[in-house]
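To start, the structure under review is shown below, and the notes come after it.
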Amino acid sequence: MSVVILYGTETGNSELVADAIADVLAADHDPSVYDMSEYAVEDLDPQDFVVIVCATYGEGELPTGAEPFAEELDEVDPDLTGLRFAVFGLGDTIYGETFNRGGEIIAEMLTKRGAVQVGEHSRHDNSSAVKPVKQAEEWAQTISPIIDPVTAS
């Protein structure tokens, strides 16, 4: 099973986080990292496990780097039944109700099309003392064991 890590960024932090997650997952999996702005929705494969790393921009909007992917999801409206994914969001609690909204938006768009979110939805807070890469590495350790689906007997 391939692991596809898609990041949506405005300032580059999501890319750094995606790379850190890939480094952790590489111990047991074969991760590939892509900028959402350069990834075709048609390439989403239910046989893959998808990790979404998405920042929040402005007043709770998607970052510029995630907009083309979101627009294509709306246009193509693919059936993503069987696709499993996990989300690591970046935001800042100073924005209150829109804190970490970017990751939530992508998660909602995927689940609306039949995909299933698994694991903890990690939400990094830029106002905290915790560095996003450090939180991402710890989170990736919890995601790694659930990437390969357990076959029921």
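The values are calculated or read from the model by the stated rules, or taken from the named source; none is laboratory data. The model shown is predicted, which means the values in this text are computed figures rather than measured ones. Cβ sites come from the backbone with ideal geometry, for glycine too, and all protein chains shown count toward neighbours. Remember, those area values only see protein heavy atoms, side chains included, never the ligands or the DNA or RNA. Shrake-Rupley method; radii C 1.70, N 1.55, O 1.52, S 1.80 Å.
May I ask you to verify whether Pro78 is farther than 23 Å from Pro149 by Cβ and open to solvent by less than 50 Å² (accessible area, probe 1.4 Å)? No: the conditions fail for Pro78.
For the range 140-148, the condition of being in contact with a strand residue (DSSP E or B) (Cβ under 7 Å, 6 or more places away or on another chain), modelled with pLDDT of 95 or more, open to solvent by less than 60 Å² (accessible area, probe 1.4 Å) and more than 18 Å from Val50 (Cβ to Cβ) holds for none of the residues.
For Glu67, state whether it is within 17 Å of Ile5 (Cα to Cα) and out of contact with any Leu (no Cβ under 8 Å at 6 or more places or on another chain). The answer is yes for Glu67. Count of the range 74-131 residues, restricted to those that are in a helix (DSSP H, G or I), closer than 16 Å to Gly8 by Cα and touching a residue at least 40 places away in the same chain (Cβ under 8 Å), is 7.
Let's see how each residue does on (1) aliphatic (A, V, I, L, M); (2) in contact with a Ser or Thr (Cβ under 7 Å, 6 or more places away or on another chain); (3) over 18 Å from Val4 (Cα atoms):
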{"site": "Pro78", "(1), (2), (3)": "no, no, no"}
{"site": "Phe88", "(1), (2), (3)": "no, yes, no"}
{"site": "Lys134", "(1), (2), (3)": "no, no, yes"}
{"site": "Gln141", "(1), (2), (3)": "no, no, no"}
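Out of contact with any helix residue (DSSP H, G or I) (no Cβ under 9 Å at 6 or more places or on another chain) and of a type in the set (Asp, Glu), is that true of Asp92? Yes, satisfied.
Looking across Glu10, Glu67, Glu15, Glu71, one residue alone is open to solvent by 10 Å² or more (accessible area, probe 1.4 Å), in a helix (DSSP H, G or I) and in contact with a strand residue (DSSP E or B) (Cβ under 6 Å, 6 or more places away or on another chain). It is Glu15.
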